[in-house]
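Asks: This structure is in structure tokens; I'll ask about it shortly.
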2 protein chains.
Amino acid sequence: MLEDRVERIRQILQAHNYKMTPQREATVRVLLEHEDRHLSAEEIFLLLKERVPDIGLATVYRTLELLSDLEIVYKVNFGDGVTRYDFRKEGMARHHHHLQCIRCGKVEEIHENLLADVEKLVEERYGFKVLDHRLTFLGICRECQEREEREKAAKEGAGSGTSEAASSRERGER
Amino acid sequence: MLEDRVERIRQILQAHNYKMTPQREATVRVLLEHEDRHLSAEEIFLLLKERVPDIGLATVYRTLELLSDLEIVYKVNFGDGVTRYDFRKEGMARHHHHLQCIRCGKVEEIHENLLADVEKLVEERYGFKVLDHRLTFLGICRECQEREEREKAAKEGAGSGTSEAASSRERGER
DNA sequence: GTGGTTGCAAACTATTTGCATCGTC
DNA sequence: GACGATGCAAATAGTTTGCAACCAC
């Protein structure tokens with residue numbers, strides 16, 4: 001099964017006059033084996049190092065760019081400054097979406113085809129041929145909602161009122 | 001009207017113990033005056049230079065980060081390596097979405113509330129409090145569809161068959 | 001007056017590119 | 001054997017940070 005998919009990609013590469021090198025094959029395998037993970041180039045690079053120890057980071061970027069151009073992988077951007085790469089299921093849109101918590105930054109993935117009707121509408125109304133979509137909901141995850149509820153309750157007792165200021169930003173992510 | 005909105009933001013800043021400096025006010029005004037534009041930090045910086053000539057780029061980034069934390073602006077990412085900033089309408093989700101062409105890179109904006117029902121479903125099913133969403137359709141815009149149609153027709157005559165290879169990637173964007 | 005804010009320059013991070021070398025088809 | 005692919009190092013691009021001077025409240 002996995003072999004079939006690797007083989008399929010080899011064919012796509014060859015059909016476009018690209019070579020299937022060990023580095024590219026290893027990259028494809030890493031991607032396939034972590035299909036559910038949204039890996040960054042750096043993470044892929046580290047995983048690859050274990051199998052192809054002297055692969056260069058530039059090669060990883062070049063391979064990912066190539067796979068992206070061939071529409072074999074997606075680039076995904078969670079706004080944390082890193083591009084992540086997702087394997088793309090043959091021909092069809094992904095039908096998976098992200099729930100990103102604006103408090104803790106966690107990204108959860110959900111698998112539902114929420115947008116079939118919406119895509120159709122966009123095609124009809126705007127003459128835009130939809131191949132895929134990226135949908136991210138921004139909000140507050142259940143855990144953070146509960147935590148904030150607790151914190152609010154705790155504050156009811158001791159709150160002075162002044163100076164809740166500029167310190168709440170200090171736990172800046174990125 | 002514009003003054004009201006600036007004033008409102010001054011209040012939000014003060015309520016969080018931040019000061020409304022000339023630089024911040026100018027930044028807010030630039031954002032308000034280009035509400036429909038998805039400006040990058042660099043673009044905002046250049047626009048600001050005209051009014052506050054010795055403003056520093058770092059200040060622009062810091063201001064935008066602050067406005068983002070206060071949920072006054074959004075960060076938007078089109079995957080071209082630049083973060084863009086959108087003004088956020090008071091309290092409510094934006095209800096505007098993007099059509100991004102994977103050929104020419106152009107981003108068109110559409111204004112429709114496509115997702116009210118979908119948000120409700122996500123809240124119920126995943127306990128995730130949705131504050132906003134980002135929806136980008138990836139596909140091929142009308143112009144590129146037509147251009148490709150033309151190119152394909154032209155090729156019907158002279159096509160050798162071999163070597164359509166690696167050159168189609170050369171017009172790499174970013 | 002004081003603590004947040006600024007501008008500048010330097011630092012960082014992610015990604016890209018030039019080039020000599022290498023390896024697949 | 002040729003031409004695409006690789007690794008390395010250097011270059012870029014976007015963004016962040018340290019710090020002394022500054023200024024809004």
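Asks: So if I check each of B:Gln14, B:Gln23, which one is over 21 Å from the mean Cα position of the chain (by Cα) and crowded, with 17+ Cβ neighbours inside 10 Å?
Replies: Criteria check complete, one pass: B:Gln23.
Asks: Here is a list of conditions, (1) away from chain A (no Cβ under 14 Å); (2) within 13 Å of DNA strand C (Cβ to nearest atom); (3) of a type outside the set (D, E, K, R); (4) in a helix (DSSP H, G or I), and B:Tyr61 meets all of them except one; can you say which number that is?
Replies: Of the numbered conditions (1) away from chain A (no Cβ under 14 Å); (2) within 13 Å of DNA strand C (Cβ to nearest atom); (3) of a type outside the set (D, E, K, R); (4) in a helix (DSSP H, G or I), the odd one out for B:Tyr61 is (1).
Asks: Within the stretch A:33-44, does at least one residue satisfy the condition of being away from every other protein chain (no Cβ under 14 Å), within 15 Å of DNA strand D (Cβ to nearest atom) and open to solvent by 60 Å² or more (accessible area, probe 1.4 Å)?
Replies: Looking through the stretch A:33-44, at least one residue is away from every other protein chain (no Cβ under 14 Å), within 15 Å of DNA strand D (Cβ to nearest atom) and open to solvent by 60 Å² or more (accessible area, probe 1.4 Å).
Asks: Of the residues that make up the stretch B:154-174, is at least one at pLDDT 75 or above and either within 16 Å of DNA strand C (Cβ to nearest atom) or not hydroxyl-bearing (Ser, Thr, Tyr) (or both)? Give the derivation first.
Replies: Kept after step one, since they are at pLDDT 75 or above, are these residues of the stretch B:154-174: none.
Scanning the stretch B:154-174, I find no residue that is at pLDDT 75 or above and either within 16 Å of DNA strand C (Cβ to nearest atom) or not hydroxyl-bearing (Ser, Thr, Tyr) (or both), so the answer is no.
The values are calculated or read from the model by the stated rules, or taken from the named source; none is laboratory data. If you're wondering where the values come from, they're calculated on a predicted model, not measured in any experiment. For neighbour counting, all protein chains shown are included, and Cβ atoms are generated from backbone atoms with ideal geometry for every residue, glycine included. Each accessible area value is taken on the protein alone, full model and side chains, heavy atoms only, with ligands, DNA and RNA left out. Shrake-Rupley method; radii C 1.70, N 1.55, O 1.52, S 1.80 Å.
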